Amino acid sequence: MPPKLKANVRAGQRLSGPLFGAMTSSVDDLLDALLKQIGENEYSDQRRYQSTEEYQDSENPDSSWNLNKIGSELNIKTIMAEQLEGNMLFQLAASERFFAFDNHTIDAIPSIVKAAASAFQSGNSFNFTKFYNQEAVTVGFPTAMGLPFLFTFNTPTLLQIGGEARIRTYPDLAQGSGNSIPVPSVVNASADVHFVYSTKIEGQIGFVTPFDHRQYVAAVDKNTQINLPISASVDVDMENAKIQATLSPINSDRDYQIFHCSSKPYTTKHEIINLKPHNQDGDYHKLHVLKEPRQQQAIFGENSTGMAFRLNYKNEKEFNSTSWIVEEAKKKDPLVLLYFPWADDTIQYSNVSLTYDARRSSTKAVKFTVALAAVSSSPVDEKSRALFFFSHQPAFSSEKPVQAYLVAESKNPQVSWMDFNKAIREDPKSYFNAQLNLKEWNETDSQIVVNV
């Protein structure tokens with residue numbers, strides 16, 4: 001375990017991507033301080049209280065048990081422990097949050113958890129709304145005709161998370177002592193959450209004619225929106241290793257457009273003193289390569305889950321074959337595909353939307369049940385094992401139930417770190433084996449085996 005840690009995590013290479021950074025003076029001290037906040041019963045709370053009293057007694061200069069007094073009488077040179085310190089930096093939605101902590105902050109975590117559990121016990125409403133511009137670029141320069149040329153690029157973005165959450169536990173975290181966090185054996189949580197993320201990429205080029213206050217613009221708008229109105233409840237039984245989750249729309253009787261992505265190139269003659277958007281101009285014209293874009297519609301999920309989703313697609317690009325996808329992927333660098341999957345070297349009209357179809361949905365909620373999940377390991381055995389079982393029951397009897405079994409085993413040899421001569425004679429290789437079985441009801445298993 002490294003004595004000190006500095007970590008930075010960025011979700012992508014773009015400057016607007018989420019950022020998380022953290023530093024701490026001692027990883028061991030931080031882990032010890034965090035683990036000390038977790039209690040299991042009243043006895044552990046009592047021992048923690050006694051340890052706190054003993055620590056305060058050892059620090060009291062008037063006490064006969066003061067460590068400095070004992071060290072001076074025994075002629076022992078004591079080394080004072082360093083103060084646990086650290087900080088965290090969050091960068092999200094064009095804003096930064098800096099948080100510094102020490103051991104006193106860690107000691108206050110149980111009381112914070114107790115207050116939060118009390119607030120969420122009967123339901124607590126929350127709302128976070130942020131409207132910001134991720135990137136803004138404006139470049140202007142004269143042309144040979146003497147008319148000013150302008151290039152503008154903006155990405156206005158809206159992030160909104162709101163709703164109400166309720167959490168109940170046994171033992172009740174709200175009734176704890178505040179000195180430690182009891183590990184609950186049963187957790188019941190429910191929430192109505194509405195999450196909206198909407199962003200527009202606006203790219204415009206054009207020139208201005210000052211004598212009639214007009215700007216001649218060629219532009220493209222790329223819109224992306226995610227809309228998730230979710231009502232969820234989760235029941236966790238730690239003793240029996242069971243988890244049950246139920247998901248449904250907040251209002252299951254109405255349609256919701258869950259996802260939307262579109263690209264709209266256009267031209268317009270815009271009056272620079274007019275504050276209305278370009279699409280309300282009288283000379284606003286959409287650009288189309290084809291007279292009629294290719295359209296496709298698909299309905300899925302109706303038979304398997306009982307919740308129907310409608311996918312609508314309109315595009316002016318030919319992509320009907322798998323070979324086209326492969327050829328397009330070859331044109332781009334793998335990092336470009338990873339960080340900018342929607343980047344395109346052509347500008348064409350497109351419109352993709354995914355909608356929850358309430359009329360076709362026969363089920364108002366979907367229930368997930370984890371029947372079995374187990375992990376075993378030992379500090380004296382090189383092997384670790386994991387077992388997972390999943391079962392899916394369709395909404396209609398015409399669809400066959402599906403079961404999945406996953407068994408994994410890993411072997412990590414315990415190589416000596418202190419004895420070099422012994423370490424070079426040992427085999428440091430690690431092994432991993434996994435077997436996945438997929439089975440429909442009354443059918444033979446489909447097996448996948450991985451050996452590394």
- line: Restricted to segment 364-400 and to residues being open to solvent by less than 60 Å² (accessible area, probe 1.4 Å) and in a loop (DSSP other than H, G, I, E, B), the residue modelled with the highest pLDDT is 365
- request: Kindly establish whether residue 274 is modelled with pLDDT under 90, of a type outside the set (Phe, Trp, Tyr) and open to solvent by 60 Å² or more (accessible area, probe 1.4 Å).
  value: no
message: Just to be sure I understand, how many residues within segment 226-268 are of a type in the set (Lys, Arg) and open to solvent by 80 Å² or more (accessible area, probe 1.4 Å)?
response: 2
statement: Going through (1) in contact with a strand residue (DSSP E or B) (Cβ under 7 Å, 6 or more places away or on another chain); (2) over 20 Å from residue 35 (Cβ atoms) one by one, residue 101 fails only at (2)
query: Would you say residue 163 is on the phi > 0 side of the Ramachandran plot, in contact with a strand residue (DSSP E or B) (Cβ under 7 Å, 6 or more places away or on another chain) and open to solvent by less than 30 Å² (accessible area, probe 1.4 Å)?
result: yes
task: Looking for whichever is touching a residue at least 24 places away in the same chain (Cβ under 8 Å), open to solvent by 100 Å² or more (accessible area, probe 1.4 Å) and touching a Leu at 6+ places or on another chain (Cβ under 7 Å) here; the options are 131, 98. Which one fits?
output: 131
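Residues are listed down the side, and each one gets a yes or a no for (1) open to solvent by 80 Å² or more (accessible area, probe 1.4 Å); (2) at pLDDT 85 or above; (3) not in a loop (DSSP other than H, G, I, E, B):
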site: 355; (1), (2), (3): no, yes, yes
site: 415; (1), (2), (3): no, no, no
site: 421; (1), (2), (3): yes, no, yes
site: 437; (1), (2), (3): no, no, yes
statement: Per the list (1) at pLDDT below 90; (2) within 23 Å of residue 354 (Cα to Cα), residue check on residue 245 breaks on (2)
- request: Would you mind telling me which numbered condition in (1) open to solvent by less than 60 Å² (accessible area, probe 1.4 Å); (2) at positive phi residue 172 fails?
  value: (2)
Single unsatisfied condition, residue 146 versus (1) free of Cβ contacts under 8 Å to residues at least 24 places away in the same chain; (2) open to solvent by 40 Å² or more (accessible area, probe 1.4 Å); (3) assigned to a strand (DSSP E or B): (3)
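The values are calculated or read from the model by the stated rules, or taken from the named source; none is laboratory data. As the structure is a computational prediction, the values presented were derived from the model and not from experiment. Virtual Cβ from ideal backbone geometry, glycine too; neighbours counted across all protein chains shown. Calculation scope for accessible area: heavy atoms of the full protein, side chains included, ligands and nucleic acids excluded. Shrake-Rupley method; radii C 1.70, N 1.55, O 1.52, S 1.80 Å.
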